[in-house]
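Below is one structure, written out as structure tokens; comments come after it.
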Amino acid sequence: MKKFSCLIIVVACAFLTSCGIKKEGLVIMTDHSYKATLFATNKIGFGSPDGSLLVGDGEQHKVFRVTRDGSVSDFLGREYGITKPESMVFDDRGNLYIADNEDNVLYLLDADRKLHRIIDRNESFSPETIYFARGSLYITDSRNHKLYVYTPGEELRTIAAFGGQLQNVQGVTVDDQGNIFLSVQSDLKHRIGNVIEISKDETALAQK
């Protein structure tokens, strides 16, 4: 497990160096020219209709659009009231879900660019990472140590709860068969982490 953690750190450092990381943030450059600084980059969202990337910035309280040629512009400004866009994902209808784990809100931005507060439960819900698959949204909550599933039109449901060294659940993804994979920060000081698999059979049982 330690080898896995070290590999991630090496890869991350190499990527950040190539992108032009400075102490104050991520500098986006095209043809060696300065474009914009993202102070506190969080989740990068893929799948926008025009093929651009969406980057959340928790310090500037914005979501930026980065095009393939490197130009940067505001996608969602401060006026939308999103404090920390920690994670973002598009559904199969083009709606954008945004997890704000500082204000503890799950937002939905519809095709008309109207922002809706889908889930707002104060301290009992703090979305960390969100992933859309099979018509549902899978949500990790590192503060409350849970994995949820949300299907539009239905109530938020808890799939799993975690404790001990597995309580700091972070990332989530789902494969084509419906198996769920989670990343967990078990011991950040000693660079130890885990990847957990929840099979599709276990998921179906948990949702009943």
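Each value in this text was obtained by applying a stated rule to the coordinates, not by laboratory testing. Not measured: the values here are computed from a predicted model. We place every Cβ from the backbone using ideal geometry, glycine too, and count neighbours over all the protein chains shown.
Sorting the Cα pairs of the range 103-144 by distance into bins of 5 Å, from 0 upward, gives 6, 22, 25, 26, 16, 5, 1 percent per bin. Which residues among the range 156-178 fall inside the zone where the amide N is under 20 Å from a point 7 Å beyond the Cα of Asp91, along Cα→Cβ? Under 20 Å, as judged by backbone N against the label point of Asp91, lie 156-159, 172-176, 178 of the range 156-178. Rounded to the nearest whole angstrom, the semi-axes of the ellipsoid equivalent to the range 94-208, taken from the Cα gyration tensor as √(5λ), stand at 23, 18, 13, largest first.
Test of understanding: ordering Val63, Val184, Val195 by Cβ neighbours within 10 Å, fewest first, what list do you get? Provide the component values of the computation, followed by the final result.
Working: Val63 23, Val184 20, Val195 11.
Ranking Val63, Val184, Val195 by Cβ neighbours within 10 Å, fewest first, gives Val195, Val184, Val63.
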